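Written out below as structure tokens is the structure these notes cover.
The values are calculated or read from the model by the stated rules, or taken from the named source; none is laboratory data. Quantities reported herein were computed from a predicted structural model and do not represent experimental measurements. Note that we place each Cβ from the backbone using ideal geometry, even for glycine, and neighbour counts take in every protein chain shown. Note: accessible area is taken over every heavy atom of the protein model, side chains too, but ligands, DNA and RNA are not part of it. Shrake-Rupley method; radii C 1.70, N 1.55, O 1.52, S 1.80 Å.
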Amino acid sequence: MRYKSGHKEEARARMVAAAGRGFRRQGYGGIGVDGLAKEAEVTSGAFYGHFSSKGEAFKAALIAGLQELRQGVEAMRAEHGAKWVTAFVDFYLGQKRVCELGSSCALQSLASEVQRAEIGIKSVFEAEIEGVVNAVAEGLPGRSAKDRRARAWALLSILSGGVTMARAVADKDVSAAIASACRVAALKACAET
């Protein structure tokens, strides 16, 4: 049986997305190849047809997740112009704070997995997060590229750390208070110095 052109690439993209959801929900140690295959609605054999290991699937999901974040920043900048930071902060601390964990931001949900990973995964994370930081920095006011990058690092750190804390508490009011405090800090961090 012949498949249409691009079938293998589409199937892999679906598996990468499913792996991302699985790793975000359960963590690297909480899901195995069988669970990832189930998330993708394929057999373990089909999974291994695209990835040689769970680690390779994690790497692909991490790259895809951080590229999605970079593209989201670029889309916010294009759609909201000079007001993009406020729109981005509100989206991140709003929708991305309360959405189902499988749909959460890769930066917030996978960074804790990366810190326990081998150096190769850390290098991949570093390369991809640099792209996100550049996309944020390019949208911030100021003449100094060094200052804009520093504020971009601060913004991303406040948002991902704030959402992590807000998701970790049981009380919705406490979660909202964390988000509110982080909103103020994030917007202050982006202000031109």
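Annotation for the range 131-193 versus the range 31-46: alpha-carbon center distance of 35 Å.
For the range 39-56, 3J(HN,Hα) computed residue by residue from phi via the Karplus equation (6.51, -1.76, 1.60; θ = phi - 60°) reads 4, 7, 6, 9, 7, 4, x, 5, 4, 5, x, 10, 9, 7, 7, 4, x, 5 Hz, glycine and proline entered as x. The ellipsoid equivalent to the alpha-carbon distribution of the range 60-164 has semi-axes of 22, 17, 12 angstrom, derived from the gyration tensor eigenvalues as √(5λ) and listed largest first.
Residue-wise HN-Hα couplings along the range 101-114, as the Karplus relation 6.51 cos²θ - 1.76 cosθ + 1.60 with θ = phi - 60° gives them from phi, are 4, x, 9, 5, 6, 4, 4, 6, 8, 10, 4, 5, 6, 5 Hz; Gly and Pro carry x. Rounded to the nearest 10 degrees, the inclination of helix 7-26 to the longest alpha-carbon principal axis of the chain is 60 degrees.
When the alpha carbon coordinates of the chain are projected onto the principal axes, the ranges are 60, 39, 32 Å, largest first. Across the range 76-90, computed HN-Hα scalar couplings (Karplus, 6.51 cos²θ - 1.76 cosθ + 1.60, θ = phi - 60°) run 4, 4, 5, 6, 10, x, 4, 9, 4, 4, 4, 4, 5, 4, 5 Hz from first to last residue, x flagging Gly and Pro. I need to check one value: relative contact order of the chain, counting alpha carbon pairs closer than 8 Å and at least 6 residues apart, in percent. Answer for the chain is 21 percent.
Given the convex hull of the Cα atoms of the range 107-164, what is a quarter of its surface area in nm²? Computed as one quarter of the Cα hull surface, the answer is 4.0 nm².
Spin-label pair E79-S44: with each label point 7 Å from Cα along the Cα-Cβ axis, the two points sit 4.1 nm from one another. Computed on protein heavy atoms with a 1.4 Å probe, the accessible areas place K38, K59 in the order K38, K59, largest first.
Let's test the formula: R0 of 30 Å, r as the Cβ-Cβ distance of A170 and R14. What FRET efficiency results, to the nearest 0.05? Write down the numbers at each step before the final one.
Working: r = 34 Å, r/R0 = 1.13.
My answer for the efficiency is 0.30.
Using r as the Cβ-Cβ distance of A191 and E56, and R0 as 35 Å, what FRET efficiency do you calculate, to the nearest 0.05? In this case the efficiency is close to 0.25.
How large is the direction-averaged shadow of the alpha-carbon convex hull of the range 86-138, in nm²?
Average projection, Cα convex hull of the range 86-138: 4.2 nm².
Using C-alpha pairs under 8 Å with a sequence gap of at least 6, the mean separation divided by the residue count of the range 65-178 gives a relative contact order of 29 percent. The mean accessible area for residues of the chain, using a 1.4 Å probe and ignoring ligands and nucleic acids, is 53 Å² per residue.
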